[in-house]
Amino acid sequence: MNTEIANFNYYNPTKIIFGKNRIEELATLVPKDKKVLLLYGGGSVVRFGTLDKVKAALAGYQIGEFGGIEANPTYETLMKAIELVKRDGYDYLLAVGGGSVIDGTKFIAAGALFDRDPIHIFGAGIGDKLPITKALPFGSILTLPATGSEMNSGGVVTFVEKKAKLGFGSPVTFPQFSILDPELTYTLPKRQLANGVIDSFVHIMEQYMTYPVNAMVQDRFAEGLLQTLIEIGPKVIDETNHDYNLRANFMWTATNALNGILSPGVPQDWASHSLGHEITALYHIDHARTLAIVLPSLLEIRKTEKLDKLVQYAERVWLITDGTAEEKATLAINKTREFFESLGAPTHFSDYDLDAEVVDILVDQLDKHGLSKLSERQDQTLEISRKIYQNAL
Ligand code: NZQ
Ligand code: ZN
């Protein structure tokens, strides 16, 4: 096992426009000669007036709209948007929404210029996983801090009939800019606020909870972000608490949790996300809630492999000083579980009315999607994934 920091390239071209009323500056961000398609979800941006603000800021531009991108955006819906883009010649996309809308927009941007059928952007037995080499330019206006999609180049698309959630990404699918106005989070309900805290927390853990390579900067950044979420999480989920700095800190934490700053040169383990995506695809449980089910169970099953980093996490994040290494690790895992539960996200399948039947079904899906060698050492076999699902019943 290599315990040195690996060589890395670090690249992030997304310009962040952070703070109050920054939508007003849109005309300085979107080139004047572009035909702009505004993309949004199920209507929250219409109800809360954000779309009107965007249109007012883009007065004089040629603009069109495509609404109805679902939470966990589906391939079918996004293909309709691609048809519209091609038919009407849009050459700039603007996502207004949460991770689902931004991810969807990334796929539309790439799919509209893809030389073959965009199905081949994906792998896992569904397409040929061909590289994305070009995409339409796009920006985003974030309304839900959670995924980091506003400052990264990845996305996740749902295939309804095939019951799969598959990722894609490319250096050409970073947003050109993202507007992060913490006041846009004031309309979020408690469930989405809690989802945002948990998703961000697990993004940090996926890039941190592996084995130590003495990457001091990456580790301290991760620990600082985790401690921030532990500190502000209980206040953030109070939907009536519109303290600006609280929401500003939440928003910036969520962005930094998955914008590439934590991962250069360090091992990563995206197994909780892989196991979680299968749960959402089959049982429609919110993305973050699937992570609340999987991560504590995974840490329990993988305690030996991750012991050194679990002890570091226990000592530095949860400030646990007493006990053996094993005891510290166990206590830190328990605290992680309690944290998720305290935010209103149950951590067992039974809390979502799912029972032991799901285990075989989920493991079959992992197998079908080629996910039989997960984790930082690619040693998480299907049998280990089965234990993790079973342990979460
Ligand atoms: O659809 P509308 O009506 O807009 O309502 C949305 C949706 O129902 C609502 N909402 C968003 N902003 C709001 C608001 N309601 C009131 N006020 C606001 N300001 O919230 C609901 C959930 O929105 P969604 O965009 O689905 O949530 P989230 O941001 O959590 O995104 C989840 C998707 O992102 C993917 C997930 O797999 C999932 O498909 N992920 C993307 C990642 C990435 N690109 O890097 C990484 C993540 O791990 C994740 O996998
Ligand atoms: Zn996530």
How about the stretch 276-304: which of its residues are assigned to a helix (DSSP H, G or I), more than 12 Å from ligand 2 (Cβ to nearest atom) and aliphatic (A, V, I, L, M)? ILE279, ALA281, LEU282, ILE293, LEU298, LEU299, ILE301
Name the one entry in ALA329, ALA356 that is under 30 Å from VAL236 (Cα atoms) and of a type in the set (A, V, I, L, M, F, W, C). ALA329
I'm trying to understand the selection: among the residues of the stretch 96-114, which are in a loop (DSSP other than H, G, I, E, B) and either among the basic types (Lys, Arg) or near ligand 1 (Cβ under 10 Å from one of its atoms) (or both)? GLY98
Quick one: would you say ALA329 is free of Cβ contacts under 8 Å to residues at least 40 places away in the same chain, small (Gly, Ala, Ser) and in a helix (DSSP H, G or I)? yes
Sole miss for ILE119 among (1) touching a Lys or Arg at 6+ places or on another chain (Cβ under 7 Å); (2) surrounded by fewer than 17 Cβ atoms within 10 Å (Cβ to Cβ) is condition (1)
Residue check: is LEU93 part of a helix (DSSP H, G or I) and surrounded by 14 or more Cβ atoms within 10 Å (Cβ to Cβ)? no
With the first residue restricted to the stretch 276-302 and required to be within 12 Å of ligand 1 (Cβ to nearest atom), and the second required to be charged (D, E, K, R), Cβ contacts under 6 Å at 6 or more apart or on different chains are HIS277/LYS165; THR280/LYS165; ALA281/LYS163; ALA281/LYS165; ALA288/ASP199
What pairs come up if the first residue lies in the stretch 181-201 and is more than 19 Å from ASN245 (Cβ to Cβ) and polar (S, T, N, Q), the second is within 16 Å of ligand 2 (Cβ to nearest atom) and outside any helix (DSSP H, G or I), and their beta carbons are under 8 Å apart, counting only those six or more places apart or on different chains? GLN192/GLY98; GLN192/LEU144; GLN192/ALA146; ASN195/ALA146; ASN195/ASP286; ASN195/ALA345
Kindly provide the set of residues from the stretch 206-247 that are in contact (Cβ under 8 Å) with a residue 40 or more places away in the chain and in contact with an Asp or Glu (Cβ under 9 Å, 6 or more places away or on another chain), ordered by number. GLU206, GLN207, TYR208, MET209, THR210, TYR211, PRO212, VAL213, ASN214, HIS242, TYR244, ARG247
The correct count of residues that are assigned to a strand (DSSP E or B) and within 17 Å of the chain's Cα centre (by Cα) in the stretch 159-178 is 7
Which numbered condition GLY260 misses (of (1) part of a helix (DSSP H, G or I); (2) within 16 Å of ligand 2 (Cβ to nearest atom); (3) modelled with pLDDT of 95 or more; (4) among the small types (Gly, Ala, Ser)): (1)
Residues that are within 13 Å of ligand 1 (Cβ to nearest atom) and in contact with a Ser or Thr (Cβ under 9 Å, 6 or more places away or on another chain): does the stretch 87-95 have at least one? yes
Under 6 Å between Cβ atoms, at least 6 apart or on separate chains: pull out the pairs that start in the stretch 127-149 with a residue that is part of a loop (DSSP other than H, G, I, E, B) and end on any residue that is of a type in the set (Ser, Thr, Tyr) and within 16 Å of ligand 2 (Cβ to nearest atom). GLY148/THR255
In the stretch 137-151, what count of residues is obtained for those that are within 14 Å of ligand 2 (Cβ to nearest atom) and either over 26 Å from LYS35 (Cβ atoms) or surrounded by fewer than 23 Cβ atoms within 10 Å (Cβ to Cβ) (or both)? 5
Residue satisfying condition, being more than 13 Å from ligand 1 (Cβ to nearest atom), surrounded by fewer than 23 Cβ atoms within 10 Å (Cβ to Cβ), of a type in the set (S, T, N, Q) and in contact (Cβ under 8 Å) with a residue 40 or more places away in the chain, within set THR347, THR321: THR347
Out of everything in the stretch 42-66 that is of a type in the set (Gly, Ala, Ser) and either in contact with a His (Cβ under 8 Å, 6 or more places away or on another chain) or farther than 18 Å from GLY111 by Cβ (or both), what residue ends up being farthest from ligand 1 (Cβ to nearest atom)? GLY60
Which of (1) of a type in the set (D, E, K, R); (2) over 27 Å from ASN9 (Cβ atoms); (3) part of a helix (DSSP H, G or I) does GLU223 not meet, given it meets every other one? (2)
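The values are calculated or read from the model by the stated rules, or taken from the named source; none is laboratory data. Computed from a predicted structure; not experimentally measured. Heads up, the Cβs are rebuilt from the backbone with ideal geometry, glycines too, and the neighbour counts pull from every protein chain shown.
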